[in-house]
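What follows is a set of notes on a single structure, which appears directly below.
Bear in mind these aren't lab numbers, they're just calculated from the coordinates by the rules spelled out. Keep in mind that what you see is a predicted model, and the values were worked out from it rather than measured. In this analysis, Cβ positions are derived from the backbone assuming ideal geometry, glycine residues included, and neighbour counts consider all displayed protein chains.
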Amino acid sequence: MPTSSPSAGPWERLLNFQSFASGLPEADACSKSIAAIVDGRTLLADPDPVPELTKQLTTAVRITLGKLQGDLAAAFKVGDDKLTASQVWNRLSDEQRTTLATTCQLTPPAKDAIGTDDEILAALRTSNLGDRGNLIDAVPQRFSRALDEASRLLEPKAQRVTLAGTTIHNAVELDQWLSDTRKLVEQKLKDGPVIL
């Protein structure tokens, strides 16, 4: 059986998808097959294993990208709803809201086209799966920051108080936490309005 070193084209495309799919269960399975192709020098085997492996990876990546894009849109919608319901946000002028929306990056990125293999690769070159997950995690903080900034515009002396995190097992512990929290907030109120 003829052997060959991996050439550009379908093989390179497969390796690109493999690198972008890192961490997905399908990538682990395909990595073993790719290693077997390299170790066994069976790139030119008949039937060609590359198209099927590429198909498996593109399907997995397309599904993951679609889910991440949906999750991102949902995170921005939750943030928008939070702003819309906020009395502080609604007291701002349109100009102030626009400035904060720009500063805090409150506009969701455009949804990437992921219908073809080339579109998927282009989308992943722009922002890989890990970066997209990090962005989803960051969206709530962006909206919280916008509300903090809005409060500062309306109440320049307002200060953020971070409540202590704890695990509460019973009513006594709850009462203690509430008491401690009340003392903390009351102390901060002496310096001006408090943002929780």
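Taking amide H positions as placed 1.01 Å from N in the peptide plane, with prolines and chain starts having none, which residues 5 or more places from GLN159, or on another chain, fall under 5 Å of its amide H? Amide H to amide H, under 5 Å and 5 or more residues apart or across chains, GLN159 pairs with VAL194, ILE195. Think of the chain as a dipole: +1 on every Lys or Arg Cβ, -1 on every Asp or Glu Cβ, centred on the Cα centre; then among GLY165, LEU57, ALA27, GLY165 lies furthest on the positive end.
Residues with beta-carbon under 15 Å from that of LEU92, excluding LEU92: net charge, scoring Lys, Arg +1 and Asp, Glu -1?
Surrounding charge for LEU92 is -1.
Classify segment 157-196: rounded, prolate or oblate, from the alpha-carbon gyration tensor (a ≥ b ≥ c, eigenvalue square roots; a/c under 1.5 rounded; otherwise prolate if a/b is larger than b/c)? Prolate is the answer for segment 157-196, as a/c is 1.5 or above and a/b outweighs b/c. Packing here is the average count of other Cβ atoms within 10 Å per residue, and on that basis the peptides 56-64, 175-183, highest first, run 56-64, 175-183. May I ask which of LYS77/LYS188; LYS82/LYS190; LYS67/LYS111; LYS32/LYS67; LYS82/LYS183 have a Cα-Cα span longer than 22 Å here? From the list (LYS77/LYS188; LYS82/LYS190; LYS67/LYS111; LYS32/LYS67; LYS82/LYS183), the Cα-Cα distance tops 22 Å for LYS77/LYS188; LYS82/LYS190; LYS32/LYS67; LYS82/LYS183. Selection among GLY133, GLY66, SER179 by position relative to the dipole of the chain gives SER179 as farthest towards the positive end (Cβ unit charges, Cα centre). Other residues within the sphere of radius under 13 Å centred on the Cβ of VAL194, judged by their own Cβ, net out at +3 (K and R +1, D and E -1).
Other residues with beta-carbon under 13 Å from the beta-carbon of LEU68 carry, at +1 per Lys or Arg and -1 per Asp or Glu, a net charge of 0.
Expressed as an acute angle from 0 to 90° and rounded to the nearest 10, what is the orientation of the C-alpha long axis of helix 25-40 relative to the principal long axis of the chain? Helix 25-40 and the main axis of the chain meet at about 30 degrees. Charge dipole of the chain (Cα centre as origin; +1 on each Lys and Arg Cβ, -1 on each Asp and Glu Cβ, all else neutral): 660 debye, rounded to the nearest 20.
Helix 10-20 and the long axis of the chain differ in direction by around 20°, with both axes built from C-alpha atoms. Relative to the longest principal Cα axis of the chain, at what angle does helix 129-154 sit, 0 to 90 degrees, rounded to 10? Compared with the principal axis, the helix lies near 20 degrees.
From largest to smallest, the equivalent ellipsoid semi-axes obtained for the chain from the alpha-carbon gyration tensor read 51, 22, 12 Å.
Which whole number of Å³ per residue matches the convex hull of the alpha-carbon atoms in segment 70-120? Kindly include the intermediate steps, with their values, before the conclusion.
Working: hull volume 4.2 nm³, N = 51.
With only Cα atoms used, segment 70-120 gives 83 Å³ per residue.
Partner aspartates and glutamates whose Cα lies under 16 Å from the Cα of LYS55, excluding those fewer than 8 positions away in the same chain, are identified as GLU12, GLU26, ASP28, ASP117, ASP118, GLU119.
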